[in-house]
Amino acid sequence: MMSDDNGITKSSNHTNSAANSSSSASKNDISWSETLANILHHASIYGIAAGYCISASLLSIINKWALMKFPYPGALTALQYLTSTLGVLICGYLKLLDYDRLDLITMWKFLPAALIFYLSLFTNSELLLHANVDTFIVFRSVVPMFVAVGETLFLMQPWPSLSTWLSLATIFAGSLIYVLTDYQFNLTAYSWAVAYVVSMSIDFVYIKHVVMTIGLNTWGLVLYNNLEALLLFPVELLVMGELKKIRHDIVDESDWHSFSVVLPVGLSCLFGLAISFFGFSCRRAISATGFTVLGIVNKLLTVIINLVIWDKHSTLIGTIGLLICMFGGVLYQQSTSKLKAVSVQTESAVEDEEQQMLLEMKLEVEVNENQGIVAEETT
């Protein structure tokens, strides 16, 4: 009888040891998979942000080059919209990418976002027309502060942390230092600057809402945004008087078909497609405020490239202001990053607890089954 009890005890201990080792191995597998998933997730976010910064900063330079050869900003923008639209449609037809098919109801829902996007570009062009680039950078730097408030009030995001506000203030202060070294403000420029800040703030917050709620994938967003913006092009063509200028140059037989014109225009269109993809990917991956901060960094990179390529140098104080802006961009943290981290940890803890309970239940069942088998053998 004593030997039977010892056999039961040994069998139970062996089962407990096997279950514990199985539980430990399972936890290690889960831990490694979670670590790898987190690494890949962060790498994808950084890659998307880097792609957006590169394409956006170079697009501004290439656009400037293209406009020097093809001085029709509205037509150039329309060509970019057309290239992006055709690129998505052709690649989708060749099964190289997947996009959401065109639907009239979805197009109607997306129309306000496309209209706001178009207005932001319109005020952008007018501000650059009536003010210098330095003034544009300052008002562009103010936008994230309004976006942070709008994101909290309308997208139900938490208020940014103190470090976030300090980084945004650093960016604004650096831009202000830069523009104070050489500025020429006037009432017209101020009016367009205010309109630009308002339209851009609404654009970033509302587009973020549309991206998260309309249910389109990245290439679907690219297709809808560029197609509807392209449909709005005739309005700008008439309002800005560009149609009259194009007709005049057609009569004068301008050299539009030379390689020196086709190359920058073609590169501009290709980079427009790239920024569409990386732009919407960034809107999904980061907060609206973070996306606008990336936009500021892009402008700073553009200014630096301008200083390197063309003979347009800022003063020493202006350069210091640029460095302060870039330092503020580095210090910036997403307003919801900590909340997301806590949420992920909570979900992970709940999953671990549930898995532990399942393992304990499985262990208990196995022990009971083993005890039942031993009891049957003894009888």
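Across the range 194-199, coupling constants 3J(HN,Hα) worked out from phi with the 6.51/-1.76/1.60 Karplus curve, θ = phi - 60°, read 5, 4, 5, 4, 5, 5 Hz, and Gly and Pro carry x. Around the amide H of Q157, modelled in the peptide plane, lie the amide H atoms of T152, all under 5 Å away and 5 or more residues distant in sequence or on another chain. Amide H contacts of N217: D100, each under 5 Å away and 5 or more positions distant or on a separate chain (H built 1.01 Å from N in the peptide plane; Pro and chain starts excluded). How much FRET efficiency would the formula 1/(1 + (r/R0)^6) give for C91 and H257, where r is the Cβ-Cβ distance and R0 is 25 Å, rounded to 0.05? Here the calculated transfer efficiency is 0.40.
Under the classification rounded if a/c is under 1.5, otherwise prolate if a/b is larger than b/c and oblate if not, where does the range 82-179 fall, given a ≥ b ≥ c as square roots of the Cα gyration tensor eigenvalues? Because a/c hits 1.5 or more and a/b exceeds b/c, the range 82-179 counts as prolate. Peptides 138-144, 74-80 ordered by packing proxy, namely the average of other Cβ atoms within 10 Å per residue, highest first: 138-144, 74-80. In this simple spin-label approximation, R101 and A37 carry label points 7 Å from Cα along the Cα→Cβ vector, and these lie 3.3 nm apart. Which shape class applies to the range 175-251: rounded if a/c is under 1.5, otherwise prolate when a/b exceeds b/c and oblate if not, where a ≥ b ≥ c are the square roots of the Cα gyration tensor eigenvalues? It comes out oblate by the Cα gyration axes.
Residues I137, I309 in ascending order of nearby Cβ atoms (within 10 Å, fewest first): I309, I137. Peptides 237-247, 222-232 ranked from most to least packed, by the mean per-residue count of other Cβ atoms within 10 Å: 222-232, 237-247.
Readers should treat all values here as calculations from the given coordinates under stated rules, not as data from a laboratory. Quick caveat: nothing in here was measured; it's all calculated off a predicted structure. Cβ coordinates were reconstructed from backbone atoms using ideal geometry, including for glycine residues, and neighbour counts include every protein chain displayed.
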